[in-house]
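Following: one structure in structure tokens, then a few remarks.
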Amino acid sequence: MKALEGVKILDFTHVQSGPTCTQLLAWFGADVIKVERPGVGDATRKQLVDVPGADSLYFTMLNHNKRSIELNSKNETGKEVLTRLIETCDVLVENFAPGALDRMGFSWERIQEINPRIIMASVKGFGPGKYEDCKVYENVAQCAGGAASTTGFLDGPPVVTGAQIGDSGTGLHLALGIVTALFQREKSGRGQKVLAPMQDGVINLCRVKLRDQQRLAAGPLKEYSQFGEGIEFGEATPRAGNDSGGGQPGRILKCKGWETDPNAYTYFITQAAVWKNICDVIGAEEWKEAEGYATPPERLDKLNEIFGRIEEWTMTKTKFEVMDICNPLNIPVGPILSTKEIMDDDGLRKTGTIVDVEHPERGTYVSVGCPIKLSDSPVEVTRSPLLGEHTTEILSEVLGYSGDQLDEVIASGAVGTPKPMAAE
Ligand code: CAO
């Protein structure tokens, strides 16, 4: 028994934001039916191809545990099949460019008419307003959502982060909206429209930066390194390099091997409560009680000197040794892990966050499993579907087409050239 068993998702998503949402729902047990354009499919199938002829990792890593039906939703028979799918499913998820569903003839009003219990969930770049018609990709959302202006170093340009907060972040927001709407439907009996704009999702994740924007009115932001360096603040929250977002100063420091290894670094937080432990570890016992060093406010204008001294120590240790020494002393540190180290991590493999997946075209590949663990709804990651792999299965088993009716749908060209069902 899985948490979302029995829930049918009509998955009209593509690229990254929408697919990450429906992949999560599939991992929680929903039956996710991915609708793709015949012969073409989700554009990511053929983007960043590493194994010629096979679906790309871009596609496979975002579309596990789903079924795929090829369906031309602009063809008359295709529209009929889509109407049947809308009647049958609990949720329709889409992240088309604004207006694309309306242009297909499936406005929210029409969808509700077909199935008043359906939840229609959309990712768009922007919410209602002057930019609502824009097509949006990850980095545009990061820039418009406040992430880029607050990321990077004070003396450099805005920087986008490698974490896909605009795409995968919005997928998470949308998934929460969907399960919440399903919960409400239990009582109301009605479906509803769920919208997760990418800009809004990024703004939500930048909440603390908007907190700091308002704190500026009360004076400079003392926990920012630029305060200690005597650099004036402007009118907006500045880029803070690797400063920690909370009140405890933190930096990224070099570790043993940094000259050749781009990830031989550790994060190090000078947590006030363990200041004396830090002084002991780095051999700066004189700072424990010294005037100008003993309390957090006194240290603010000396952070460069303090972190410089700590770094002299971290450079004598590997990032893992730093972790092993500091953890028992409650000094918060964290190794900068490379993607390679993460993929090789035994612990992450044991918990199913990193998994090996078998694929008929690719062989074995590594993927990220479900990052959310439910004790009563275990996740088994299965491979992404080939394009149209389940067309016949969905037409017959989900929609009940058979005999002449099934042949007519196939002959209409609305569903490409379906592969035979596995059992046939
Ligand atoms: N059958 C027939 N037509 C189909 C179809 C199907 N099964 N699936 C898609 N199409 C059509 C659409 O109807 C649309 O046609 P029109 O332009 O005539 O309306 C066309 O294919 C292209 O769809 P699109 O506009 O969504 O795709 P795009 O490549 O032009 O834009 C993107 C891509 C991502 C910029 C846009 O979809 C978008 O802004 N989405 C919302 C924001 C978003 O999710 N961005 C994140 C992308 S990365 O995760």
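Couple of notes before you dig in:
- Qualifying residue in region 332-351 (condition: surrounded by 13 or more Cβ atoms within 10 Å (Cβ to Cβ), more than 30 Å from Leu62 (Cα to Cα), in contact (Cβ under 8 Å) with a residue 60 or more places away in the chain and in contact with a helix residue (DSSP H, G or I) (Cβ under 9 Å, 6 or more places away or on another chain)): yes
- Selection count where residues are more than 14 Å from Leu348 (Cα to Cα) and open to solvent by less than 10 Å² (accessible area, probe 1.4 Å), scope region 366-389: 4
- Any chance Gly388 is more than 28 Å from the chain's Cα centre (by Cα), modelled with pLDDT of 95 or more and not polar (S, T, N, Q): no
- Of the candidates Thr170, Thr180, the single residue that is closer than 29 Å to Leu82 by Cβ, touching a strand residue (DSSP E or B) at 6+ places or on another chain (Cβ under 9 Å) and open to solvent by 20 Å² or more (accessible area, probe 1.4 Å) is Thr180.
- Residue within region 390-405 that is within 30 Å of Val274 (Cβ to Cβ), open to solvent by less than 70 Å² (accessible area, probe 1.4 Å) and not in a helix (DSSP H, G or I) present: no
- Taking region 198-226 as the range and being under 16 Å from Ala144 (Cα atoms) and among the basic types (Lys, Arg) as the test, the residues that pass are Arg207, Lys209.
- Val123 fulfils the conditions (1) open to solvent by less than 10 Å² (accessible area, probe 1.4 Å); (2) among the hydrophobic types (A, V, I, L, M, F, W, C); (3) within 29 Å of Asp404 (Cβ to Cβ); (4) near the ligand (Cβ under 8 Å from one of its atoms) except for a single criterion, (3).
- From the list Val281, Val274, the one residue that fits, being open to solvent by 10 Å² or more (accessible area, probe 1.4 Å) and more than 14 Å from Glu312 (Cα to Cα), is Val274.
- Checking region 101-113 against the condition returns a match, with at least one residue being touching a residue at least 40 places away in the same chain (Cβ under 8 Å) and more than 15 Å from the ligand (Cβ to nearest atom).
- Selection of region 159-196 for residues being in contact (Cβ under 8 Å) with a residue 40 or more places away in the chain and of a type in the set (A, V, I, L, M, F, W, C) yields Val159, Ile165, Leu172, Leu174, Ala175, Ile178, Val179, Ala181, Leu182, Val194, Leu195, Ala196.
- Filtered residues of region 236-271 (kept if of a type in the set (D, E, K, R) and either without any contact (Cβ under 8 Å) to a residue 40 or more places away in the chain or in contact with a Lys or Arg (Cβ under 8 Å, 6 or more places away or on another chain) (or both)): Asp243, Lys256, Glu259, Asp261
- Test for Gly363: is it among the small types (Gly, Ala, Ser), modelled with pLDDT of 95 or more, at positive phi and open to solvent by less than 80 Å² (accessible area, probe 1.4 Å): yes
- Residues that are of a type in the set (A, V, I, L, M) and modelled with pLDDT of 95 or more within region 296-340 comprise Ile306, Ile310, Met315, Val322, Met323, Ile325, Leu329, Ile331, Val333, Ile336, Leu337, listed in sequence order.
The values are calculated or read from the model by the stated rules, or taken from the named source; none is laboratory data. This structure is a prediction, so every number in the text was calculated from the model and none was measured. Don't worry about glycine lacking a Cβ; one is built from the backbone with ideal geometry, like all the others, and counts go over all protein chains shown. Accessible surface is based on the protein model in full, side chains and every heavy atom, while ligands, DNA and RNA are left aside. Shrake-Rupley method; radii C 1.70, N 1.55, O 1.52, S 1.80 Å.
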